[in-house]
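One structure is given here, and the rest of the page talks about it.
Read the figures in this text as sums done on the coordinates, not as results from a lab. Owing to the predicted nature of the structure, the values given are computational and were not obtained by experimental measurement. For neighbour counting, all protein chains shown are included, and Cβ atoms are generated from backbone atoms with ideal geometry for every residue, glycine included.
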Ligand code: AHR
């Protein structure tokens, strides 16, 4: 450990000393290391991970589901939003609580204009067959849209799902299927389920007898692969006549610790190898939402994934929230980490729409946060902890931290935060309450906090010249700092060694100040490389996971 840090110190010093100089003008520098003086003890809580559904870190990343758009809801436009081509616009009637302004007419986000994303329909024999979305016979409230396949005359069709940019199918492995069908207009014929390699080779071929019942029924079973391909797809072939409705088509590989609705083994192991002291969930801006209506609501992320509505994500795609609140707590338990839940403070993302709930409506938000804590920590007799038991976990989870809001500030935030603080402190005296305020004078506006949460995204030069950032802050009894997000993400392309070294330098500054900074987490944690944005710690493909240089810096520390 010490050796690695010394190595980083030397490399960092080397960069600082030699950067941009010709050999003749190379300045002299002396580095004095006082080995006799003992610094602050680095707390065991120091290094954690920050999870957010951004860049497909969940769907197409950690969450093991192989089918993309499994509920046929990916093209459902959130209420009040408007789609134009490949952009989606938030409701125009919201007001930013800081500026009083309506959303700028240009404020828009990524939208996939494909009417049925990730699915492809092909007629193999006969003619006139079609596949279209319908809301005629909803599977349930969470998944109102279904796919209606019609074969007006005898024919054969194939419906294929490409997964998240290919499915990594491995020979001899079993894949767990859940598929819901409704025999709309008496489909008569047969179905075949297949796993097919990119070159067309069949890796699995299994007939399925369709129930003549009209109402929804679920087929479950295992598909075993007879060959491997990292870019395979899942195919449903129908041969016959009539109409068949399909919904919630889900396919899982073996998961981390064999959890149902679980996580990808390779990615979960990559995270586990960091030995994170804590895991933060669900983010990030996603906590706040583009506007308040599309914030993450944890209660909609628990229970049977078939009954979860998912959400059009703040980051421009629809997310299933399959890696929901329960799965997050379970993952913490599986890797020996403490949970950190971030709740909405009654305020939407101030950098987006920035609407806020009315003061008289805030109690519902506070209660929602209290319920989340109850779900994790209650003894199984309280309302929400009973649901945890129903969901298969009788014992309480480890949830040590709650953060109120994400990157919010303002007098309204302070007022709202104070109400959360009072209620949470009264009900849970031992939980660590984090305010999302950075190192700012606004900390003086709030009634109390255990930790605050500054975020740092910058150039390498900033990180190198701010290793003393925390030296400057006065220590206050009982107040600690959690650097919830940091990354050298400017001037380093998609991330490079120089950025990673500068983070190392900054981390050493946090460690030196670890009487104040007792926790930190790099952000964002992960990207699917097919959906890249910014600089992320871990790069994921359907068949691979790679820790970038910054990952190895984190891992050393
Ligand atoms: O890490 C990505 C985003 O950056 C987070 O969602 C947000 O909190 C920050 O602005």
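For helix 2-18, what angle does its Cα long axis make with the longest principal axis of the chain, in degrees from 0 to 90 and rounded to 10?
The two axes meet at around 80 degrees.
For residue 121 and residue 265, compute 0.36 nm times the residue count separating them, minus their Cα-Cα distance, and round to one decimal in nm.
Roughly 48.7 nm would be gained on extension.
Using only the Cα atoms, what convex hull volume per residue in Å³ does the stretch 457-557 have?
91
Fewest to most neighbouring Cβ within 10 Å: what's the order for 552, 384? If you can, show how the numbers build up before the last one.
Working: 552 15, 384 18.
Ordered from fewest to most neighbouring Cβ atoms within 10 Å, 552, 384 come out as 552, 384.
Give me 451, 519 ranked fewest to most by other Cβ atoms within 10 Å of their Cβ, as a rough exposure proxy.
By the 10 Å Cβ count, ascending: 451, 519.
Please compute the modelled spin-label separation between residue 38 and residue 532, points set 7 Å along Cα→Cβ, answer in nm with one decimal.
Distance between the two pseudo-spin positions: 4.6 nm.
With the crude spin-label approximation of a point 7 Å out along Cα→Cβ, what separation in nm comes out for residue 209 versus residue 364?
So the two model labels end up 4.9 nm from each other.
Is the shape of the stretch 170-270 rounded, prolate or oblate, going by the alpha carbon gyration tensor and its root eigenvalues a ≥ b ≥ c, with a/c under 1.5 for rounded and a/b larger than b/c for prolate? Can you show the working numbers first?
Details: a/c = 2.92, a/b = 1.62, b/c = 1.80.
Oblate, because a/c is 1.5 or more while a/b does not exceed b/c.
Within 10 Å of each residue's Cβ, count the other Cβ atoms and sort 347, 33, 366 from fewest upward.
33, 366, 347
Quick one: Cα centre-to-centre distance for the stretch 512-537 and the stretch 235-249, in angstrom?
Rounded to whole Å, the Cα centres lie 43 Å apart.
Express in nm, to one decimal, how much length is gained between residue 304 and residue 77 on full extension, taking 0.36 nm for each residue of separation and deducting their alpha carbon distance. Walk me through the numbers on the way to the answer.
On the way: separation 227, 0.36 × 227 = 81.72 nm, distance 2.29 nm.
Net length gain for the segment: 79.4 nm.
Any number yet on Rg/Rh for the stretch 330-397, C-alpha, Kirkwood?
That ratio equals 1.09.
Using only the Cα atoms of the chain, what semi-axes does the equivalent ellipsoid have when each is the square root of 5 times a gyration tensor eigenvalue? Give whole Å, largest first.
Values: eigenvalues 395, 158, 97 Å².
Three semi-axes, in Å: 44, 28, 22.
For the stretch 336-353 and the stretch 190-212, what is the separation of their C-alpha centers, rounded to whole Å?
Measuring centre to centre over Cα atoms gives 43 Å.
Give me the Debye-computed log₁₀ of I(q)/I(0) at q = 0.17 Å⁻¹ for the stretch 246-297, equal point scatterers on Cα only, no solvent, two decimals.
-0.82
Quick one: if you stick a label point 7 Å off each Cα along the C-beta vector at residue 84 and residue 461, how many nm between them?
Using points 7 Å along Cα→Cβ, the separation is 3.9 nm.
Can you bin the stretch 44-111 into rounded, prolate or oblate? Criterion: square roots of the alpha carbon gyration tensor eigenvalues sorted a ≥ b ≥ c, rounded for a/c under 1.5, prolate for a/b above b/c, oblate for the rest.
oblate
What shape does the stretch 234-341 have by the C-alpha gyration tensor, where a ≥ b ≥ c are the square roots of the eigenvalues, rounded means a/c under 1.5, and otherwise prolate means a/b greater than b/c and oblate the rest?
The shape class here is oblate.
Efficiency by 1/(1 + (r/R0)^6): what FRET value for residue 386 and residue 425, r their Cβ-Cβ distance, R0 = 25 Å, to the nearest 0.05?
The calculated FRET efficiency here is 0.55.
Tell me, how many Å apart are the Cα centres for the stretch 405-421 and for the stretch 49-95?
Measuring centre to centre over Cα atoms gives 27 Å.
If you line up the long axis of helix 411-427 against the longest principal axis of the chain, both from Cα atoms, how many degrees apart are they, to the nearest 10?
Roughly 80 degrees between the two axes.
I'd like the antiparallel share, as a percent to the nearest 5, of DSSP beta bridges with both residues in the chain.
Antiparallel bridges make up about 70 percent of those DSSP assigns within the chain.
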